[in-house]
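Heads up: the structure comes next, in structure tokens.
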Amino acid sequence: MHEEALFKDLRRRFGEIAAAQGAKRIVRVALWIGALSHLTEDHLKEDWARVVDGTAAEGAALEITVSNDLNDPRAQSIVLVSVGVE
């Protein structure tokens with residue numbers, strides 16, 4: 001499933017960011033969803049707790065920006081925009 005590969009990549013990146021920052025936990029995650037990513041905001045919100053379960057981002061607030069620009073070079077991507085740590 002395409003979404004599972006995206007979620008696995010997000011979990012990996014959370015771990016890398018937390019380790020690089022020496023953070024105990026990630027408190028906020030901002031994502032940008034491309035118009036052709038085949039992942040909706042609602043789907044991501046529904047799966048968010050499962051995606052972050054057991055990671056430094058467990059319990060983190062989620063901020064999502066959805067693009068409608070089909071011509072954006074990142075239109076098939078989900079972009080990790082920013083991460084708030086403590």
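The values are calculated or read from the model by the stated rules, or taken from the named source; none is laboratory data. Values in this document were obtained by computation on a predicted structure and should not be read as measured data. Cβ coordinates were reconstructed from backbone atoms using ideal geometry, including for glycine residues, and neighbour counts include every protein chain displayed.
Can we say Ile17 is within 22 Å of Val85 (Cβ to Cβ), surrounded by 15 or more Cβ atoms within 10 Å (Cβ to Cβ) and in contact with a Phe, Trp or Tyr (Cβ under 9 Å, 6 or more places away or on another chain)? No, not satisfied. The residue list Glu86, Glu63, Glu16, Glu3 contains one member that is at pLDDT 90 or above, of a type in the set (Asp, Glu) and under 12 Å from the mean Cα position of the chain (by Cα), which is Glu63.
If you check Leu62 against the conditions, is it of a type in the set (A, V, I, L, M, F, W, C), surrounded by 15 or more Cβ atoms within 10 Å (Cβ to Cβ), in a helix (DSSP H, G or I) and on the phi < 0 side of the Ramachandran plot? No. Of the residues making up region 27-46, just one is assigned to a loop (DSSP other than H, G, I, E, B), free of Cβ contacts under 8 Å to residues at least 40 places away in the same chain and surrounded by 14 or more Cβ atoms within 10 Å (Cβ to Cβ), namely Leu39.
Sort through Ala61, Ala23, Ala49 and tell me the only one that's without any contact (Cβ under 8 Å) to a residue 24 or more places away in the chain, over 16 Å from His2 (Cβ atoms) and aliphatic (A, V, I, L, M).
Details: Ala61 fails: without any contact (Cβ under 8 Å) to a residue 24 or more places away in the chain; Ala23 fails: without any contact (Cβ under 8 Å) to a residue 24 or more places away in the chain.
Going through Ala61, Ala23, Ala49 in turn, the sole match is Ala49.
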